[in-house]
Each structure stands twice: as structure tokens, then as C-alpha cells.
There are 2 protein chains.
Amino acid sequence: MSTSSAAPRREDGTEAAEVRPPMREALVAAAFRLFIERGYEQTTVDDIVALAGVGRRSFFRYFPSKEDVVFPDHERCLADMEAFLARSPEDADPVRRVCDAARLVHRMYAENPAFSVQRYHLTKKVPGLRAYELSVVWRYERALAAYLRGRLGGRPDGILRADVIAAAVVAAHNNALRSWLRSDGRDDAGAAVDHALAYAQSVFGDVAVPPRGVAPEDVVVVAARRGTPLWQVLREIETAL
Amino acid sequence: MSTSSAAPRREDGTEAAEVRPPMREALVAAAFRLFIERGYEQTTVDDIVALAGVGRRSFFRYFPSKEDVVFPDHERCLADMEAFLARSPEDADPVRRVCDAARLVHRMYAENPAFSVQRYHLTKKVPGLRAYELSVVWRYERALAAYLRGRLGGRPDGILRADVIAAAVVAAHNNALRSWLRSDGRDDAGAAVDHALAYAQSVFGDVAVPPRGVAPEDVVVVAARRGTPLWQVLREIETAL
DNA sequence: TGATCCGTGGCACTGGGTGCAGCGAACGGA
DNA sequence: TCCGTTCGCTGCACCCAGTGCCACGGATCA
């Protein structure tokens, strides 16, 4: 896909003013200025390249489609997430791990609050951008699900559970992220995301907890009548454990 | 959006050969023949209308985009789902209700197994179609979430729970649906969907179950040591209850 | 019979996206 | 210093999806 947008670094210590092509950033800036001014669909690629002062052909060298200029950093973030999951410890709690992976996305949004809020208002209005965003989110979800499948694949319904957990974690994350974006970036983003992910984690529980020895005070007994709603029982146990 | 693709019916009993325009079906048939033959992207709208023997302008009269011809019945199915949720009884278990709503989608796929399998193979290969399918699935998910928000909105984290449950139910449904599609429609679709949805339902529990009287044999006792993975305890209870 | 409505088709146009070829600057070797 | 290569950028021509507009023709109705 598009080239990495990682920060420009030099092997030697020299700062080397902008080795990374400024054209990419210039295109993003020009595009967003016009998108905000007159709307996404009312802005043509020709308008963007004219404002940025570059050739039309160069636009499509940096962004495979007009929609990609709206999400210039997701490719890198997705790669980060996959790398993060790939280097997971063997004994890590899988659910917790995917929650942490989801936090990477939130962190990317939080790095540029103003930009993220602008983009949110764009994607909210333009169906085409919403569809594009869905395909991006879907790739995050598949990355999480792939990791979970690897971890839960052996158990009964492991694949099913992996898919459901991934979807739930993404939904919880997006719920918090969206309410933060709706607040124009004023709310405490981290707290809301933590709360939402904690809920998701609590629903699916922890998988790897050291058992140790069994002392009497470590045993919990729960009694319930048949037909009791499972979630009620679950809540009792959750607090007890 | 596009007009309903319900079967042509007459108020009087007469069969009245095809009052519903056959053009729509002709376009779908021509499109799929060419899509299967030479691929989606290698087929132009001109090719389709030439094979169907109609004007190019008419294609876009029936389908707002080339992608829509691949999903000719989702608009109707989405309307069915919204109607189904709208006429839910007040005291219905919300989670069970959205599971039943999800079954409507599966039923639509199962009505035309051959067609569904063909479409599956198309969407698997073509990124554009996959993106379109995601936006369709997203609309289903939002319909479920909207219903759940109405039912759970009052409770703490009701909105969050609604979003997460909707995502989980959709993921469970899609998991079963996809494995059925991968089997070329040979597996028992209904059983797999039921199993997957039962899992989703068990995770989030039933909300409304009549308690009735308590007989000794109706009481279940579960003992667990502190630190036991919640999912293990949950599984025990699930089988016991 | 004439007016109207509606489904249809033809046509021209916009705009996203691509393949290709040329051009100039930077780089490396003789 | 000069030359050949490479690479990034540009312009051009082209394809195709999607739209607005209008004209045609059949069916319906006054």
C-alpha cells in the first residue's frame, strides 16, 4: 500500500531538514483545507493539486485514491498493531492483549485531536468516507481476530470466540472513541477508552491467571436457581472473584 | 433506496405474468453471468446492458451503482429487519430479539444458496465489493444497536453495552454464515447460525426470564477458587443451568 | 382525439484512476 | 569534468462509473 509515514529519521544524528517528502503532508494539508471549506465531494483532485502546487499525477503516487488522503496514517497504525500483536508474550492474556492493541488506535487519534475531530465530522457526513472508514476498521478487527484465532484456535468454538471477541473489543473501543470525537476532543479520551475496554474484557473474562494453591478463603461458592439470567449470576461471580 | 424486490403479486388471484419489471432481474442475471465469466472489474456496465439488451441509462435507474447489482436484496432485508425490531413486544428479551433479527439475514442467504455462494466468491476476491458488503453489514449492525440502545439506554453503560452486543451478535452470525458459504452451501446453515448465536446470547445473558417458585432441584451450586478464569466458571454454570 | 404521464434510451459531460513517455535533477563512476 | 543511470515529477491520453438532460413511444385518461 502507501509508503510508511513514520517520522523522518536519519541514521546519523543530523536533523537533515525534511528528508521525508513534504509533498505528502502538503497534499494532506491542501486537501483538508478544501474539504473543510467546501466539502469533500465538492472538491476535486485537480483542486487539491492546484492548491498544493503539484501535478495531478503525483497525487495518485502518494495516495491510491482520493479517500486515502483522509486517512493518511492508518496504514502505519495497522502495521504497528500487527507488529504489536506479533511480539506478544506466549503467556499473555489474549483478551487483555487485544484491548491493548486497540489502545494503539486510540493513541493515534489522540496524537492529533484537532485533525481527528475534523476528520470525524467529514466521515460523518460523506457516505463514501464512512464506507472507507469501515474497511479500515475491518482490517483492524481482522488483525485482532487473527491473533485471537491463533491463541484460542484449539479450544472448542475457538474461531467463533475469536471473531466475537475481536468484534466486541473494536465496538467498545469505537464507542468510546466516537463519544470523545463528538465532544470535539474535550473529554478525557483515555479514561473513556479504558472504561469501555474494561467492560469488554469483563464480558469475556481473563484467560490466563496463575492458579497457585487453594486456601479455604480462596474458594467462592455461588448458589443460583435454574433459569436465573446468566448475566445476573455472572455479575455475582465477577464481584466475588 | 432501490425498490423492493419482493415477489410479484397481484391483489386478484390472477398470476399476471410478471408485472414486476423483469428488467431488474435480467440485469442481475446478465451481470452475474459476466462477473463469474470474466470477473467483476473486467466487466463494464456497458457489457452488462449489452448482454441484457437494455440501455445503459436504465442500469443506473435500477441500481445506484455497479456494486449494488451484486446485493440486489439487502435493501429489502434491511427494511424487514427494522420492521421486525420495531414490532418487538415490550417484554421481549432484547438479546434474544436481536439474535432473531440476525436470523432474518441468514434466511435471506439461505433462500438462494447458489446465488449466495457465487456472491461470496465474488466479494472474497474484489476489494471494492468487500467494502460495499461492510457498509451493508454496518447498517444491519446499526439497526440492531439502535434497538438495543432503546432497550438498554437507561441502564449504566447502556449505550456501550448496546453497541458491543450488536457487534458481537453480528460477528457471531457472520462467522457461521461465512463457514456455511465456504462449504458451498452444503453444511447445515441453520444449525451453525443457531449455535453461534447461542454463544453470543450466553455471553451477554438473558435479561428477562420468569423466576417462578424455587424447588430444591432447581438450585445449582457452583464452587470455584478465586482467580479462576471467568470463562471457565461461566462454562460450568452454562451447562449446569 | 388530444393531453399527460412514465418508463426508456441516447448523448454529452464530469471526475476518479491508470499507463506511458518525457524531462530534469541528483548520483556515481571514469 | 563529463557522461550514463536512476529516480521523482509532470503532462497527456485514455478508460470507465455515474449524472443531467431531453426526446421518444406507449399507455392512460379526459
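The values are calculated or read from the model by the stated rules, or taken from the named source; none is laboratory data. Keep in mind that this is a model prediction, so the values were computed, not measured. No Cβ is skipped: glycine too gets one built from the backbone with ideal geometry, and neighbour counts run over all protein chains shown.
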Check on B:Asp47, within 16 Å of DNA strand D (Cβ to nearest atom), within 14 Å of chain A (Cβ to nearest Cβ) and among the charged types (D, E, K, R): no
Matching residues in the range B:136-185 - criterion: being hydroxyl-bearing (Ser, Thr, Tyr) and surrounded by fewer than 18 Cβ atoms within 10 Å (Cβ to Cβ): B:Ser179, B:Ser183
Does the range B:150-162 contain any residue that is touching a helix residue (DSSP H, G or I) at 6+ places or on another chain (Cβ under 8 Å) and under 17 Å from A:Arg130 (Cα atoms)? no
Read through the list (1) modelled with pLDDT under 95; (2) closer than 24 Å to B:Val136 by Cβ, then give the number of the only condition that B:Cys77 fails. (1)
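Matching residues to (1) closer than 29 Å to A:His106 by Cβ; (2) at pLDDT 95 or above; (3) out of contact with any Ser or Thr (no Cβ under 6 Å at 6 or more places or on another chain); (4) not in a loop (DSSP other than H, G, I, E, B):
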residue: A:Pro156; (1), (2), (3), (4): no, no, yes, no
residue: A:Ile159; (1), (2), (3), (4): yes, yes, yes, yes
residue: A:Ala176; (1), (2), (3), (4): yes, yes, yes, yes
residue: A:Ser202; (1), (2), (3), (4): yes, no, yes, yes
residue: A:Asp206; (1), (2), (3), (4): yes, no, yes, no
residue: A:Gly213; (1), (2), (3), (4): no, no, yes, no
Can you tell me which residues in the range B:52-83 are of a type in the set (Gly, Ala, Ser), more than 14 Å from chain A (Cβ to nearest Cβ) and within 16 Å of DNA strand D (Cβ to nearest atom)? B:Ala52, B:Gly55, B:Ser58
Across the range B:89-102, which residue is surrounded by the most Cβ atoms within 10 Å (Cβ to Cβ) among those that are of a type in the set (Gly, Ala, Ser) and touching a helix residue (DSSP H, G or I) at 6+ places or on another chain (Cβ under 7 Å)? B:Ala102
If the Cβ limit is 7 Å and pairs must be 6+ apart or interchain, which residue in the range B:170-197 that is within 11 Å of chain A (Cβ to nearest Cβ) pairs with which residue that is among the polar types (S, T, N, Q) and in a helix (DSSP H, G or I)? B:Ala192/B:Ser179; B:Ala196/B:Asn175
Mind listing whichever residues of the range A:24-38 are within 16 Å of DNA strand D (Cβ to nearest atom) and in contact (Cβ under 8 Å) with a residue 12 or more places away in the chain? A:Arg24, A:Ala26, A:Leu27, A:Val28, A:Ala29, A:Ala30, A:Ala31
Exactly one condition in (1) more than 18 Å from A:Ala114 (Cβ to Cβ); (2) more than 10 Å from DNA strand C (Cβ to nearest atom); (3) in a helix (DSSP H, G or I) is not met by A:Ala29; state its number. (1)
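The rows are residues; the columns are (1) within 16 Å of DNA strand C (Cβ to nearest atom); (2) more than 16 Å from A:Val28 (Cα to Cα).
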{"site": "A:Pro72", "(1), (2)": "yes, no"}
{"site": "A:Cys77", "(1), (2)": "no, yes"}
{"site": "A:Asp91", "(1), (2)": "no, yes"}
{"site": "A:Arg107", "(1), (2)": "no, yes"}
{"site": "A:Val126", "(1), (2)": "yes, yes"}
{"site": "A:Tyr132", "(1), (2)": "yes, yes"}
Does A:Val105 satisfy being crowded, with 19+ Cβ neighbours inside 10 Å, β-branched (Val, Ile, Thr) and under 10 Å from the mean Cα position of the chain (by Cα)? yes
Failed item in (1) of a type outside the set (S, T, N, Q); (2) loosely packed, with under 13 Cβ neighbours inside 10 Å; (3) away from DNA strand D (no atom under 15 Å from the Cβ); (4) modelled with pLDDT under 95, with B:Ala86 passing the rest: (4)
Select from the range A:32-56 the residues that are under 19 Å from A:Val117 (Cα atoms) and surrounded by 16 or more Cβ atoms within 10 Å (Cβ to Cβ) and write down the one among them that is nearest to DNA strand C (Cβ to nearest atom). A:Tyr40
Among the hydroxyl-bearing types (Ser, Thr, Tyr) and either more than 14 Å from chain B (Cβ to nearest Cβ) or over 17 Å from the mean Cα position of the chain (by Cα) (or both): is that true of A:Ser135 in this structure? no
Pairs, first over 24 Å from B:His121 (Cβ atoms) in the range B:39-59, second assigned to a helix (DSSP H, G or I) and of a type in the set (Val, Ile, Thr), C-beta under 6 Å, six or more apart: B:Arg56/B:Val49
